[in-house]
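These notes concern the structure reproduced below.
Nothing in this text is a laboratory measurement; each read-out follows from the coordinates by a stated rule. Keep in mind that what you see is a predicted model, and the values were worked out from it rather than measured. Every residue, glycine among them, receives a Cβ derived from its backbone with ideal geometry; neighbour counts consider all protein chains shown.
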Amino acid sequence: MVLLEFSMSPLGKGESVSKYVARSLDIIDKSGLKYRLNPMGTVIEGEWDEVFNVVKKCYERMKKDCHRISVTIKVDYRKGKESRIQKKVNSVEKKLHRKLKA
């Protein structure tokens, strides 16, 4: 199972790009994959082809009206493990004996 964290933003569209990010989140949400939005990007969980297909769809949508796009991608693969988005947080909280802001 793969955890993929990515950030995709258009350049040259002003200070606020939330309308473009919202379009990507619509694609991610409709994909059916587990995900978690954070202030600096989004983490998606699934198989390799599934998560990269979602990133490609976001890119294809953004390039329709954006002439320059910045993308950062980080991938963590771990064989046979699922629900890692929450389990990784749970593991740290267990070691600290308290809930964290996640």
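Short version: ³J(HN,Hα) in whole Hz for each residue of segment 62-72, in order, from phi by Karplus 6.51 cos²θ - 1.76 cosθ + 1.60 (θ = phi - 60°), x for Gly and Pro, what are they?
Along segment 62-72, the couplings run 5, 6, 4, 9, 10, 8, 9, 9, 9, 10, 10 Hz.
Can you list the equivalent-ellipsoid semi-axes of segment 24-63, largest first and in whole Å, using the square root of 5 times each Cα gyration tensor eigenvalue?
Values: eigenvalues 39, 35, 16 Å².
Semi-axes, largest first: 14, 13, 9 Å.
Report the label-to-label distance for residue 89 and residue 65 in nanometres (one decimal), using points 7 Å from each Cα along the Cα→Cβ vector.
Spacing of the two 7 Å Cα→Cβ label points: 3.2 nm.
Got the relative contact order for segment 1-93 handy, in percent, Cα pairs under 8 Å and 6 or more residues apart? Don't jump to the answer; show the numbers that get you there.
Values: 123 pairs, mean separation 43.9, N = 93.
In percent, rounded to a whole number, it is 47.
Extending each Cα 7 Å along its Cβ direction at residue 15 and residue 53, get the distance between those two points in nm, one decimal.
4.0
Going by alpha carbons, how many degrees (0 to 90, nearest 10) lie between the helix axis of 18-30 and the longest principal axis of the chain?
60
Note the full-extension length gain between residue 101 and residue 77 as 0.36 nm times their separation in residues minus their Cα-Cα distance, in nm to one decimal.
Difference between extended and current length: 6.2 nm.
What GluC sites (Glu not before Pro) in segment 35-88 are in a loop by DSSP, with at most 15 other Cβ atoms within 10 Å of the Cβ? Please list the in-between numbers first.
Values: sites: 45, 47, 50, 60, 82; in loops: 47, 82.
Sparse-neighbourhood loop GluC sites (Glu not before Pro): 47, 82.
Give the Kirkwood hydrodynamic radius (Å, one decimal) of segment 2-96, defined as one over the mean of 1/r across all pairs of different Cα atoms. Intermediate values should be presented prior to the final figure.
Values: mean 1/r = 0.0707 Å⁻¹.
Evaluated over segment 2-96, this radius sits at 14.1 Å.
Run the reach check for residue 88 against lysines, Cα to Cα strictly under 16 Å, same-chain hits fewer than 8 apart removed. What comes back?
34, 74, 79, 99, 101
Going by C-beta contacts inside 10 Å, put 66, 58 in order with the fewest on the left. Write down the numbers at each step before the final one.
Values: 66 18, 58 24.
Fewest to most other Cβ atoms nearby, the residues stand as 66, 58.
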